[in-house]
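Enquirer: The following block contains the structure, expressed as structure tokens.
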Amino acid sequence: MQQDNGTSFTDSDVSIFEAFAIFCGLGIHNTQMYESACKLMAKQKVALECLSYHATASNDDTLRLTSEPIPSAESYNLYSFTFIDFDLTDEDTCRATIRMFKQCDLIQKFHIPYEVLCRWILSVKKNYRPVKYHNWRHALNVAQTMFAMLKTGKMEQFMTDLEILGLLVACLCHDLDHRGTNNAFQMKTESPLAILYSTSTMEHHHFDQCVMILNSDSNNIFQNLSMEDYRKVMKVVESAILSTDLAVYFKKKNKFMELIDEGEFDWQSEEKKELLCGMMMTACDVSAIAKPWEVQHRVAKLVADEFFDQGDLERLQLNQQPVAMMDRERKDELPQMQVGFIDVICLPLYKVLSDTFPWIMPLYEGTMENKKHWQDLAEKVEMGLTWIDRDTIDEPVEEFVSYEPKDIEFTVTTLNCAHVDRKEAAEKSTLGRFASLRKGGRTLTKGVRHRISRSLYARSTPEDAAKSKALIPDRKSRNKLCLLI
């Protein structure tokens, strides 16, 4: 093949032609890709608009909340570390949240339109799923503990108004759209969230949901902030939410402890302030452990039920054995696991915080008190009782009622069953009669054996002994069941 001037194409001409052809092909391909990307972006925008509409509180609900009077902080017990939400209606939870913003004077200081605040609170509430524990009620309790730490615990003296605003927002949003499963589950199942975020998976998602709501129509409570203040408060919110990942807490804990040991009292540098806020977020996130016992054991049951649901999913979907705290078959170990949780996470954190900031001592004292209850329950589990199946888990062992099959004869007797062969009596100690109380072959501790013996002897009267003697079975009918409690 020749050119128009009659000369032949050189190798250089061929290379230039090939390069031009590739360039044209890439141009056509990029144009097609750009068109596809534009369509995908448009679809994403439509999806976000739909999600934003459905995730945003309705105008009717917003107007209703806007027009309602807001009770005092004292009426909700907001200043106390023993705050309880059980008796609050859903409407009251929103009013209590507004009251916290009012008491911190955040509405006036940052010119937050009241209607926007009400809509934002309702939208945040709406974006919590109805899981058993990590729901809107948990978010409210975490925010209330932060409020109590700031006010009653006097931690507000270390914070700017903008940081207080960011911390309250972070507490309310820190578990948005929680699915009742943890980060490990997301990684095991290779969920879309795990693909998006390789670390602190759920916490990154919670923050993204927080941003989505703020960017939704009429939900931006930061709308009147300057660009610089907006940047600062969003940084506080992001750092605080990510700090609720216990893996992050363990990474930062030692550095915080070192600062305390060195006698640090100036927390105003950016790095130290971020560290302090992170510790406060963890302290608030696990603060149910410091509530009055009747609240603590009820919340613990909710946590356990949610964990067991995840364990069930791991068995069904992954065919894997769940870890102990999520294994429904090991529910009897929960009291002892609660003691471990208190010792490893809660007490060290509350101890160092209360030593440095003494006004938050109630968190440490409440946790210590509940540890005693959990230890007591752990001993009862050793005796064969299952706390998780009871409506009340602090009931004394003697008060539990056994259901007696009608076709078995029961005989009430004392510890010493008569007419037993001497050889058999030598082989079986008195505690051998309590085989039904042992769990999985575990050996009863000395304290537990003493408690059982004391309980049984205390309940035995001379009249009972006489009746027992009259009812002692002969050797032939000795196989009848003796009810010892």
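Only the coordinates and a few stated rules stand behind these numbers; no lab work does. These figures come from a predicted structure and were not determined experimentally. With ideal geometry, Cβ positions are generated from the backbone for all residues, glycine too; neighbour counts draw on all protein chains shown.
Enquirer: By counting other Cβ atoms within 10 Å of each Cβ, how are Thr160, Thr89, Thr367 ranked from fewest to most?
Expert: Ordered from fewest to most neighbouring Cβ atoms within 10 Å, Thr160, Thr89, Thr367 come out as Thr89, Thr160, Thr367.
Enquirer: Let me have the relative contact order for region 2-160, percent, based on Cα pairs under 8 Å that are six or more residues apart.
Expert: 25
Enquirer: Can you work out the Karplus-derived ³J(HN,Hα) for every residue in region 76-92? Use 6.51 cos²θ - 1.76 cosθ + 1.60 with θ = phi - 60°, whole Hz, and x for glycine or proline.
Expert: Karplus-based 3J(HN,Hα) across region 76-92 equals 9, 6, 6, 7, 9, 7, 9, 3, 10, 9, 3, 8, 7, 6, 4, 5, 5 Hz.
Enquirer: Based on a Kirkwood Rh over C-alpha pairs, give the Stokes-Einstein translational diffusion coefficient of region 65-184 at 10 °C and viscosity 1.306 mPa s in µm²/s.
Expert: D, rounded to a whole number, is 108 µm²/s.
Enquirer: If each residue of separation counts as 0.36 nm, what is the full-extension length gain between Gln103 and Gln317 once their alpha-carbon separation is subtracted?
Expert: 72.3 nm
Enquirer: Can I get the semi-axes of region 289-377's equivalent ellipsoid? Compute them from the C-alpha gyration tensor as square roots of 5 times the eigenvalues, in angstrom, largest first. Walk me through the intermediate numbers first.
Expert: Values: eigenvalues 171, 34, 22 Å².
Output for region 289-377: semi-axes of 29, 13, 11 Å.
Enquirer: For region 209-218, in order, what is each residue's ³J(HN,Hα) by Karplus, 6.51 cos²θ - 1.76 cosθ + 1.60 with θ = phi - 60°, in whole Hz (x at glycine and Pro)?
Expert: 5, 4, 5, 4, 5, 4, 8, 6, 4, 6
Enquirer: Using alpha carbon coordinates only, what is the Rg to Rh ratio of region 150-238, with Rh defined as the Kirkwood radius?
Expert: So for region 150-238, dividing Rg by the Kirkwood Rh gives 1.05.
Enquirer: Here is the link list: Lys109/Lys251; Lys125/Lys188; Lys125/Lys253; Lys251/Lys351; Lys235/Lys291. Which ones come out longer than 23 Å on Cα distance?
Expert: Those over the limit are Lys109/Lys251; Lys125/Lys188; Lys125/Lys253; Lys235/Lys291.
Enquirer: Could I ask something else about it? Apply the Karplus curve 6.51 cos²θ - 1.76 cosθ + 1.60, θ = phi - 60°, to the phi angles in region 35-43 and return the couplings in whole Hz, x for Gly and Pro.
Expert: Working through the residues one at a time gives 4, 5, 5, 4, 5, 5, 5, 5, 4 Hz.
Enquirer: Within a 10 angstrom radius of the beta carbon, how do Arg231, Arg99 rank from fewest other beta carbons to most?
Expert: Ascending Cβ contact count within 10 Å gives the list Arg231, Arg99.
Enquirer: Can you pull the Rg over Rh of region 1-121, Cα-only, Kirkwood?
Expert: 1.56
Enquirer: I would also like to ask the following. Counting other Cβ atoms within 10 Å of each Cβ, which chymotrypsin sites (Phe, Trp or Tyr not before Pro) in region 234-308 have at most 12 and sit in a DSSP loop?
Expert: Phe265
Enquirer: While we're looking at this one, here's another question. With r as the distance between the Cβ atoms of Glu115 and Ser36 and R0 = 41 Å, compute the FRET efficiency 1/(1 + (r/R0)^6) and round to 0.05. It would help to have the intermediate numbers written out before the result.
Expert: On the way: r = 41 Å, r/R0 = 0.99.
Computed FRET efficiency for Ser36 and Glu115 comes out at 0.50.
Enquirer: Which number comes out as Rg/Rh for region 239-334 once both Rg and the Kirkwood Rh are worked out on C-alpha atoms?
Expert: Values: Rg = 17.6 Å, Rh = 15.8 Å.
In region 239-334, Rg relative to Rh is 1.11.
Enquirer: Pop out the Kirkwood hydrodynamic radius of region 192-278 from its pairwise C-alpha distances, inverse of mean 1/r, in Å to one decimal.
Expert: 14.8
Enquirer: Now for a separate question. Can you give the convex hull volume per residue for the Cα atoms of region 74-283, as a whole number of Å³?
Expert: Considering the Cα atoms of region 74-283, their hull volume per residue is 127 Å³.
Enquirer: With a point put 7 Å past each Cα toward its Cβ, work out how far Arg129 is from Glu258 in nm, to one decimal.
Expert: 3.9
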